[in-house]
Amino acid sequence: MTAAVITPSRRKGSGFWRAFARNKGAVLGLVFLLLVVLMAIFADVLFPTSPWDMTAAPFEPPFSEDALLGSDTLGRDIAAGIAHGARVSLLIGLTSTAVAVLIGVCLGAVSGFYGGWVDDAVMRFTELFQTIPNFVLAVVLVAIFTPSLTSIVLAIAIVSWPPLARLARGEFMSLRSREFVQAAVTTGQSNLTIIWRQILPNSLSPIIVSASLMVATAILLESSLSFLGLGDPNLMSWGYMVGAARTVIRQAWWMSFFPGIAILLTVLALNLVGEGLNDALNPKLARKGRA
Amino acid sequence: MPRIAVFISQRLVKAVFVVLAIAVFNFFLVHAAPGDPAAVMAGEAGAADAKFVEQLRQQFGLDRPLYEQLGTYMGKVVQADLGYSYRQQRPVFDLLMDRLPVTLSLTLTSFVLALIGGVALGTLAAMRAGTWSDTAITVVGLTAYATPIFWIGLMLILLFSVNLGWLPAFGTESIGAGYTGWAAFVDRLEHLVLPVVTLGLFYMAVYTRLTRASILEVRDMDFVKTARAKGLPEWRIVSVHILRNAILPVITVAGFQAGHLIGGSILIETVFALPGIGRLAFEAVLQRDYQVLLGIFLLTSVVVVIFNLLTDLIYSLVDPRIEVAP
């Protein structure tokens with residue numbers, strides 16, 4: 001009787017999607033995120049002129065004829081800026097997270113796998129980076145190495161990796177003493193193979209969940225940096241638009257309102273997707289708050 | 001020696017090492033910067049000929065080997081001498097001390113309010129899990145968690161200063177108003193409201209989430225059932241039995257976030273034109289004022305380390321079982 005009711009999902013994928021789709025917020029977030037990605041990809045088609053070009057009279061309010069969301073102090077189209085800015089936000093969010101995952105997982109894996117003094121040394125290093133006020137560090141790194149796409153990505157990655165290192169360390173420590181790892185040791189696999197082929201695949205799901213949430217944080221960090229004028233000067237970004245409109249907030253609310261909404265919704269969507277991933281990938285874990 | 005003394009002395013030793021390590025790190029970081037401070041200074045003085053640059057370099061010890069500069073710097077750091085700002089023509093320590101009160105009052109008030117508000121809202125949400133008030137708190141928290149704080153600041157200015165005219169938007173006091181005594185105090189408080197709320201909102205969302213998750217884990221444990229079976233009033237079960245156990249992870253995270261709060265104050269001080277450390281950091285970055293940057297880094301790190309020490313202490317007070325871990 002029970003055997004008929006429980007139909008094990010044949011492919012792993014369908015179970016994942018069903019668990020993910022059970023979280024309505026996550027699906028909503030994913031749909032919105034796809035829209036943002038499409039907007040970023042087709043920014044040149046939607047708004048063929050450069051977002052830096054003057055296309056309307058300055059200080060045009062929203063819903064005016066030549067600027068849907070209004071124009072800024074120099075007559076640049078806000079909507080065009082948002083569409084082009086989506087590229088920068090997504091690009092920096094994804095690449096800096098990738099770099100942070102690389103640093104964090106490598107250090108955490110080594111630390112958790114070898115233990116002993118290696119673990120001590122790596123953890124002291126991690127603690128040091130957690131103590132330094134991270135946004136201050138990001139500001140200083142970008143300012144010192146002059147704002148560019150590379151320096152921003154690296155700065156965000158450098159301040160973001162410690163939580164991932166801790167997470168990976170914990171996973172590696174707990175998996176290291178499991179039987180399948182002992183079996184791999186007995187069959188004479190090298191440490192590198194064990195880390196890469198045996199333990200890492202088994203510790204991926206919590207890492208994926210944290211990474212998806214980290215993209216959101218990275219986008220917030222990027223917008224904060226470019227708000228302070230530390231964005232790549234050649235790329236239009238949401239934070240820069242808010243920062244540039246800061247001084248005219250009394251006359252023109254729309255200049256800072258719409259780019260801010262774009263940041264808010266994108267980051268919210270990413271957080272929702274991250275939670276959905278958590279539900280789908282770690283079904284046994286109680287949902288925990290994020291640090 | 002009593003356990004608590006061992007605990008504190010261990011933490012103190014560790015804290016000193018962390019601060020020294022950060023000092024060394026900062027020194028190399030700032031020296032990795034492209035561009036030569038002597039050349040920059042000379043350029044601003046309007047005379048960038050080689051001789052003048054060389055003279056400036058000697059005057060500020062920039063011609064010495066790097067390790068010697070590091071040695072000098074560390075020796076001075078130990079004596080709380082953070083050097084002299086080339087640009088502002090003032091000792092860095094004085095500059096920092098001028099700016100510190102504004103930043104501390106901003107971050108500490110935000111922190112305390114965020115913690116109280118977050119724990120209260122999180123408790124409320126968890127105890128009524130599944131009801132509309134839980135949903136409302138969760139949605140508001142998620143939104144606050146996703147909003148850039150500089151933008152919240154601007155929107156609050158737009159609403160409360162520009163449209164409603166209730167609160168001042170910029171600075172720490174009304175310039176030229178000539179308030180004294182009580183009126184001056186109220187005036188300063190009014191100027192703090194928007195920055196504190198802006199900075200606190202984000203962290204309140206974080207603490208709300210944490211408290212809620214933590215309480216949901218604790219509230220069905222056996223000791224809570226026992227307390228309920230004994231017939232204790234509900235408020236006592238929540239405040240003494242549940243909260244005391246559930247609040248530990250919140251304190252841990254709160255301690256870790258001291259550094260984030262100071263980082264956030266850079267943005268808040270920029271938005272609200274407050275003359276604090278954050279604003280000074282931003283100006284120093286733009287002017288490539290190395291000495292000031294080094295000082296700010298060190299000072300903020302020291303503040304964070306002290307903060308972490310305090311959280312350790314609070315932790316050991318809340319949870320007497322705490323192991324005095326090495």
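The values are calculated or read from the model by the stated rules, or taken from the named source; none is laboratory data. The model shown is predicted, which means the values in this text are computed figures rather than measured ones. Ideal geometry is used to build each Cβ from the backbone, glycine not excepted, and the neighbour counts take in all protein chains shown.
At-a-glance table
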item	result
Unique match (being basic (K, R) and surrounded by 14 or more Cβ atoms within 10 Å (Cβ to Cβ)) among B:R228, B:R209	B:R209
Test: residue in the stretch A:189-205 that is within 14 Å of chain B (Cβ to nearest Cβ) and polar (S, T, N, Q)	no
B:I262 vs. criteria more than 26 Å from B:M155 (Cβ to Cβ) and either part of a helix (DSSP H, G or I) or among the acidic types (D, E) (or both)	no
Selected residue [crowded, with 24+ Cβ neighbours inside 10 Å, touching a Gly at 6+ places or on another chain (Cβ under 8 Å) and in a loop (DSSP other than H, G, I, E, B)] from A:M255, A:M241, A:M236	A:M236
Search result, residues across the stretch A:231-247 that are of a type outside the set (V, I, T) and within 8 Å of another protein chain (Cβ to nearest Cβ)	A:G239, A:G243, A:R246
Among the candidates B:F202, B:F160, B:F185, B:F150, residue that is aromatic (F, W, Y), more than 10 Å from chain A (Cβ to nearest Cβ) and in contact (Cβ under 8 Å) with a residue 12 or more places away in the chain	B:F160
Some residue of the stretch A:55-77 being touching a residue at least 40 places away in the same chain (Cβ under 8 Å), of a type in the set (A, V, I, L, M) and touching a helix residue (DSSP H, G or I) at 6+ places or on another chain (Cβ under 8 Å)	yes
Sole residue being of a type in the set (G, A, S) and surrounded by fewer than 21 Cβ atoms within 10 Å (Cβ to Cβ), chosen from B:S301, B:S265, B:S239	B:S239
Where a residue in the stretch B:132-147 is at negative phi and its partner, wherever it lies, is among the charged types (D, E, K, R) and surrounded by fewer than 20 Cβ atoms within 10 Å (Cβ to Cβ), with Cβ under 8 Å and at least six apart	B:D134/B:R128
Only one of A:V101, A:V140, A:V105, A:V153 that is over 27 Å from A:W196 (Cα atoms) and among the hydrophobic types (A, V, I, L, M, F, W, C)	A:V140
Residues within the stretch B:274-295 that are within 10 Å of chain A (Cβ to nearest Cβ) and either under 12 Å from the mean Cα position of the chain (by Cα) or not in a helix (DSSP H, G or I) (or both), tallied	3
Single residue of the stretch B:125-174 satisfying the filter (surrounded by 14 or more Cβ atoms within 10 Å (Cβ to Cβ), outside any helix (DSSP H, G or I) and β-branched (V, I, T)) that is modelled with the highest pLDDT	B:T147
Selected residue (criterion: surrounded by the fewest Cβ atoms within 10 Å (Cβ to Cβ)) from residues of the stretch A:143-184 that are of a type in the set (S, T, N, Q) and within 14 Å of chain B (Cβ to nearest Cβ)	A:T150
Listing of helices (runs of 4 or more DSSP H) fully contained in the stretch A:112-226 that carry 3 or more residues being modelled with pLDDT of 85 or more and either touching a strand residue (DSSP E or B) at 6+ places or on another chain (Cβ under 9 Å) or closer than 21 Å to A:S89 by Cβ (or both)	A:134-144, A:149-176
